[in-house]
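Derivation of every value follows stated rules applied to the coordinates shown; laboratory data play no part. What you see is a predicted model, and the numbers here were worked out from it, not measured in a lab. When we count neighbours, we look across all protein chains shown, and the Cβ atoms used for this are built from the backbone with ideal geometry, even at glycine.
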Amino acid sequence: MIDVVEQVNAVRRQVGSRTIEAGEARTVTISQTYPASVEDVWDACTNAERIPRWFSPVTGELKLGGRYQVEGNAGGTVEHCDPPKSFAVTWEFNGEVSWVEVRLTADGDERTRFELEHIALVNSTSLEFWDLYGPGAVGLGWDLAFIGLSLHFASGGEQVDPKAVEAWTMGDGGKQFVGLASERWRDANVESGFATPEAAQGAADRTTAFYTGVEAPQG
């Protein structure tokens, strides 16, 4: 379905921190360049009729101040919208609120850098979760979404078969991808200074196990 090593290497993953209006936060940032214009990538990410071609269906009002809902996932409010450059939304899931910011920049002729930053407040609950699973818990989910967008543009904007993607994700190719991408999130965690190499490895192992359905190594 997709070249695993090529896709893992095509993505840049960063872990950091920032201060937002609500307080101190940690950030997980993932980016990739796609062979499409800024306007085309913007449409792929904001057009409710097109989003399901590569991502889960989204309902609601996809405009400034509007409420949205991702099928089977998070919902929230559109807090910022600057077409075709950027938008920001709240990401409300299981009673917790975080934020997602998307930024698009031209990267040569008919090429666009898509950057997504997921921002979560620092509190006792989030720190406990971070120590246990690391940034890959969030980052791997976006990694898998980026695969959908890669397939979408590679096909000229056609519908990505969700059943084929699900089957691939649960197969050897998907497990290889999760393992390699999880290692990159582990490295980003260490580079951020938020975890020692040993702690980052343990968190990555637990996250990989969760995504692949295998038992995490002990110790």
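Between the C-alpha center of the range 185-216 and that of the range 166-182 there is a gap of 16 Å. The coefficient of translational diffusion for the range 124-210, derived via Stokes-Einstein from the alpha carbon Kirkwood radius under 37 °C and 0.692 mPa s, stands at 238 µm²/s.
Based on alpha-carbon atoms, the Kirkwood radius and the radius of gyration of the chain give Rg/Rh equal to 0.95. Rounded to the nearest whole Hz, the Karplus-based 3J(HN,Hα) values (6.51 cos²θ - 1.76 cosθ + 1.60, θ = phi - 60°) of the range 131-138 follow the sequence 4, 7, 10, x, x, x, 4, 8, with x at glycine and proline.
One quarter of the convex hull surface, Cα atoms only: what value does that give for the range 1-101 in nm²? Present the calculation step by step, with values, prior to reporting the outcome.
On the way: hull surface 31.0 nm².
The directionally averaged projection comes out at 7.7 nm².
The tail of the calculated P(r) for the range 1-57, taken as Cα-Cα distances beyond 16 Å, holds 66 percent of the pairs.
For the range 159-219, build the convex hull from the C-alpha positions and give me its volume per residue in Å³.
On the way: hull volume 5.2 nm³, N = 61.
Normalising the Cα hull of the range 159-219 by residue number yields 85 Å³.
With R₀ fixed at 35 Å, the C-beta to C-beta distance from THR19 to LYS85 puts the FRET efficiency at about 0.95. In this label model, VAL122 and ASP107 are separated by 2.9 nm, measuring between points 7 Å along each Cα→Cβ vector.
Overall, the ratio between the Cα radius of gyration of the range 68-143 and 2.2 N^0.38 Å, rounded to two decimals, is 1.25.
How would you order 58-64, 140-146 from highest to lowest mean count of nearby Cβ atoms within 10 Å? Spell out each step's value before the answer.
Values: 58-64: 14.0, 140-146: 19.6.
Packing order, densest peptide first, comes out as 140-146, 58-64.
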